[in-house]
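What follows is a short report on a single structure.
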Amino acid sequence: MLNLLKRLWVIMKSPSSAAMGFILILGFTGGIIFWGGFNMGMEATNSEEFCAGCHAPIVKEIRETIHYSNRSGVRAICSDCHVPHNWTDKIIRKVQASKELVAFAMGTIGTQEKFEARRGYLANREWHRMKENDSAECRNCHEFDFMDFSEQGARSVKQHSTALASGEKTCVDCHKGIAHQLPNMEGIEGW
């Protein structure tokens, strides 16, 4: 074994194609390991269990909505609505969410009472984000072009067709509280 290591060292010391090949193989292998680990971490932080670590009451709320239990059997979890699906936006959102982990670790929202006190601010920030991206996460499952207006109530048809025609409204304008209880918005700027 020692002789093998000595030979590898000699090869690595001298500028040869074997040394370059070895470095390339190490770099390629290291890159694959890093990328695989990075993606595993990204997916782990998209799980409902991860979200429930800090937001257990919210996850419990979701379990009482149509997004969790419905006749079609389709179930949305936290990341379906709160993490963008395209890669670049997902990375940006994950970096933003790291601030939430720090706040939780510092105890800013460490208890139910503290969380409820900040809930209006957090909800307003999320609604603003969804308004800015035209409710992209909602549209991953709910797209105007695929809606069957004949299956909707008259009020829904009117609202959806108007929103579709004008392009001014997005899902979150009308559907705040669809998957969560509406927080107390008293004193929240922009509400």
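Listing for the model above:
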{"quantity": "Only Lys, Arg (+1) and Asp, Glu (-1) charged, at Cβ; the chain dipole about Cα centre in debye", "calculated": "860"}
{"quantity": "Cα-centred dipole magnitude for region 27-98, charges only on beta-carbon of K, R (+1) and D, E (-1), debye, nearest 20", "calculated": "80"}
{"quantity": "Given 10 as the ceiling on other Cβ atoms within 10 Å, longest exposed-site-free region of the chain for GluC sites (Glu not before Pro) in DSSP loops", "calculated": "1-142"}
{"quantity": "Extension gain, Tyr121 back to Met185 (0.36 nm per residue minus Cα-Cα distance, nm)", "calculated": "22.3 nm"}
{"quantity": "For Asp145, Asp173, order by how many other beta-carbon atoms lie within 10 Å, fewest first", "calculated": "Asp145, Asp173"}
{"quantity": "The chain: Cα Rg divided by the 2.2 N^0.38 Å rule of thumb", "calculated": "1.49"}
{"quantity": "Unsatisfied cross-links (Cα-Cα over 21 Å) in the set Lys90/Lys131; Lys60/Lys90; Lys60/Lys99; Lys131/Lys176; Lys60/Lys114", "calculated": "Lys60/Lys90; Lys60/Lys99"}
{"quantity": "Cα-based shape type of region 26-116, given that a ≥ b ≥ c are square roots of the gyration tensor eigenvalues and the cut on a/c is 1.5", "calculated": "oblate"}
{"quantity": "Residue-wise HN-Hα coupling along region 53-67, computed from phi with Karplus coefficients 6.51, -1.76, 1.60 (Hz; x: Gly, Pro)", "calculated": "x, 10, 10, 3, x, 5, 4, 5, 4, 4, 5, 9, 10, 5, 6"}
{"quantity": "Selection from Pro84, Ser135, Ser69, by position along the positive dipole direction of the chain (Cβ)", "calculated": "Pro84"}
{"quantity": "J(HN,Hα) series, region 139-154, from Karplus relation 6.51 cos²θ - 1.76 cosθ + 1.60, nearest Hz, glycine and proline x", "calculated": "6, 5, 10, 10, 10, 3, 4, 9, 6, 9, 4, 5, 9, 9, x, 4"}
{"quantity": "Relative exposure of Val95, Val59, judged by other C-beta atoms within 10 Å (fewest first)", "calculated": "Val95, Val59"}
{"quantity": "Residues Met42, Met1, Met20, sorted so that the one with the fewest Cβ neighbours within 10 Å comes first", "calculated": "Met1, Met20, Met42"}
{"quantity": "Computed [θ] at 222 nm, helices only, for the chain once each DSSP H run of length n ≥ 4 contributes -39500 (n - 2.57)", "calculated": "-20000 deg cm²/dmol"}
{"quantity": "In degrees, nearest ten, helix 87-105 long axis to first principal axis of the chain (Cα)", "calculated": "80"}
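Taken together, the values in this text are just the output of simple stated rules run on the coordinates, not laboratory data. Just so it is clear, the structure is predicted and the values come from calculations on it, not from any experiment. Note: ideal-geometry Cβ built from the backbone for every residue, glycine included; neighbour counts use all protein chains shown.
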